[in-house]
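To keep things clear, I will list the structure first and then write my remarks on it.
Only the coordinates and a few stated rules stand behind these numbers; no lab work does. A quick note: this is a predicted structure, and the numbers were derived from the prediction, not measured. A quick note on method: Cβ atoms are made from the backbone with ideal geometry, for glycine too, and the neighbour counts reach across all protein chains shown.
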Amino acid sequence: MRRRTGWLASAAAAVLVAGGAVTYAVADGDGGPNDLKVPAAESADAGFARDMAVHHQQAVEMSYIVRDRTKDEDVRRLAYDIAQTQANQRGMLLGWLDLWELPKVSEKPPMAWMGMADMPAGEDGALMPGMATNTELEQLRSDSGRRAEVRFLRLMIAHHKGGVHMAEGCVKRCEVGAERRLARGMVASQQSEIDLMTGMLKERGATP
């Protein structure tokens, strides 16, 4: 397991380095300072940046919760990798909105940029697909040891599946090339983490 999580840490580091290059690419519009691409306020690019920033924030929160609830080094290392990667990506997404001078909050419901404006309103704090409810977060905070590990892995697998769905939506709909590349990277990295976490659950006698 340590070998796998070590590989994951290396992969996450590579994503962060690539992410820095992506930020500059967006700033330069992929073609120089006179080629800045500024999407519309309600475009898929802006919608993805807003919604994924919110989605990522909860993943960071869950990761730090479980780090305090277990002493298992594999789970703690995975949680740290997820927290660092998604916090970095969240900063990039919000930074792009600043760069584009677009609001960080939309009057439209979450996922409207994916054609899901009629999606039922989120309940108990779960604003988008895959997000944990407030009740589930409180349960995670009250668990410890193996119980916390299993709950975290289950919640994060569902969370990642929701994130992959959103990132795939950006790959299809976003117009800024650098943002599409970031979204493709999210799909690949989060799917790899889903596979890893599924294996970690099996090692603990549990299923997603």
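A compact table of results
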quantity	calculated
Relative packing of peptides 73-84, 150-161 - highest average C-beta neighbours within 10 Å first	150-161, 73-84
GluC sites (Glu not before Pro) within the range 88-138: DSSP coil, no more than 10 neighbouring Cβ in 10 Å	GLU101, GLU107, GLU123
Restraint check, LYS71/LYS104; LYS172/LYS202; LYS108/LYS172, Cα-Cα greater than 27 Å	LYS71/LYS104; LYS172/LYS202
Charge tally in the Cβ shell below 14 Å around LEU97, where Lys, Arg are +1 and Asp, Glu are -1, LEU97 excluded	-2
